[in-house]
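This report refers to the structure that appears directly beneath it.
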Amino acid sequence: MTTAQLRDRLPDVPSATMYRHIATLTQAGILEVVRERQVRGTVERSYRVRQDKAVVDADARTAMTKDDHRQSFTVFTGALMADFDRYLARDDADPAREGVVYRQGAVWLTDDEFAELVEEIETAVARRTHTAPGDGRTRHIISFVVVPDHATGPDAGTDPS
């Protein structure tokens, strides 16, 4: 996307802030320039996210405060809602036909089993991030959230059925 396209998708973000963030993300290698073209005496750049770099690794997560996590999650969920709203705003949106899925499940896992599950999911998604448009492909946004559920009380974690 170009900066103008990003501004259209994120109208609440001031232009100066948008340009600063794009520059920072590009310098950090999270965004990369995929096309440049001359437009009325200036260079218009199209960017894409480098999926392999757009990950908050374990060290960064460890350094984050609870407020940092809350703020990051708020941004994440806001972007998720914006993506979903943009999809539903299309006249031809058909969630049932297009396979829209939102699901939540609970699993009991050891730390090792949990790490293995996360790795399996991330690997499955990463394997498919290198496919290109065409051949009947539709772009899908896949979001992933894991939150521990440390329920308390005498019936914590028991299945009521």
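In the neighborhood of Ala4, defined by Cβ-to-Cβ distances under 11 Å, what is the net charge if each Lys or Arg adds +1 and each Asp or Glu adds -1? Mind showing how you got there, number by number?
Working: positive: Arg7, Arg9, Arg45; negative: Asp8, Glu44.
Charge balance near Ala4 sits at +1.
Give me the net charge for the shell around Arg61: Cβ to Cβ below 15 angstrom, other residues only, Lys and Arg +1, Asp and Glu -1.
Numbers: positive: Lys66, Arg70; negative: Asp57, Asp59, Asp67, Asp68, Glu122.
Result for the neighbourhood of Arg61: -3.
Grab the beta carbon distance between His150 and Ala126, set R0 = 41 Å, and tell me the FRET efficiency rounded to 0.05.
Working: r = 29 Å, r/R0 = 0.71.
According to the calculation, E is roughly 0.90.
Set the Förster radius R0 to 45 Å, insert the Cβ-Cβ distance between Met64 and Tyr102 as r into 1/(1 + (r/R0)^6), and round the FRET efficiency to 0.05. Can you show the working numbers first?
Details: r = 26 Å, r/R0 = 0.58.
Result of the calculation: an efficiency of 0.95.
Quick one: net charge around Asp91, please, counting Lys, Arg +1 and Asp, Glu -1 for every other residue with C-beta under 15 Å from its C-beta. Spell out each step's value before the answer.
On the way: positive: Arg86, Arg90, Arg97; negative: Asp85, Asp92, Asp94, Glu98.
Net of charged neighbours comes to -1.
Ignoring ligands, DNA and RNA, what accessible area per residue does the chain give at 1.4 Å, in Å²?
Numbers: 13880 Å² over 161 residues.
Normalised by residue count, the accessible surface of the chain is 86 Å².
For the stretch 84-124, list residues with backbone N below 18 Å from a point placed 7 Å from the Cα of Phe76 toward its Cβ?
84, 102-107, 114-124
I need the P(r) histogram for the chain: all alpha carbon pairs, bin width 10 Å from 0 out to the longest distance, whole percents.
7, 26, 36, 22, 8, 2, 0
At R0 = 41 Å, how high is the FRET efficiency between Arg40 and Arg139 if r is their beta carbon distance? Nearest 0.05 is fine. Before the final figure, lay out the partial values.
Working: r = 29 Å, r/R0 = 0.72.
Efficiency, rounded to the nearest 0.05: 0.90.
Round to the nearest 10 and give me the degree value, 0 to 90, for the angle of helix 66-89's Cα axis relative to the longest principal axis of the chain.
Around 70 degrees separate the two axes.
Tabulate in residue order the Karplus-calculated ³J(HN,Hα) for the stretch 100-113, using 6.51 cos²θ - 1.76 cosθ + 1.60 with θ = phi - 60°, rounded to whole Hz; enter x for Gly and Pro.
Taking θ as phi minus 60°, the curve returns 4, 10, 9, 8, 9, x, 10, 9, 9, 9, 6, 4, 5, 5 Hz for the stretch 100-113.
How many angstrom lie between the Cα centre of the stretch 92-108 and the Cα centre of the stretch 11-80?
If we compute the Cα centre of each part, the gap is 27 Å.
Find which of Pro95, Gly134, Thr62 sits farthest along the positive direction of the dipole of the chain, computed with +1 on the beta-carbon of Lys and Arg, -1 on that of Asp and Glu, about the Cα centre.
Value: Gly134.
When all protein chains stay in place, what accessible area (Å², nearest 10, 1.4 Å probe) is found for Ser72?
Roughly 60 Å² of Ser72 is accessible to a 1.4 Å probe.
Whole-Hz ³J(HN,Hα) for each residue in the stretch 26-35, computed from phi via Karplus 6.51 cos²θ - 1.76 cosθ + 1.60 with θ = phi - 60°, x for glycine and proline: what do you get?
So the J values, rounded to whole Hz, are 5, 4, 7, x, 7, 9, 10, 7, 10, 7.
Ignoring any ligand, DNA or RNA, what whole percent of the accessible area of the stretch 25-161 comes from carbon and sulfur when the probe is 1.4 angstrom? Kindly include the intermediate steps, with their values, before the conclusion.
Details: 6400 of 12190 Å².
About 52 percent, which is the carbon plus sulfur part of the accessible surface.
The values are calculated or read from the model by the stated rules, or taken from the named source; none is laboratory data. Model, not experiment: these values are computed from the prediction. Cβ sites come from the backbone with ideal geometry, for glycine too, and all protein chains shown count toward neighbours. Heavy atoms of the whole protein, side chains included, go into the accessibility calculation; ligands, DNA and RNA do not. Shrake-Rupley method; radii C 1.70, N 1.55, O 1.52, S 1.80 Å.
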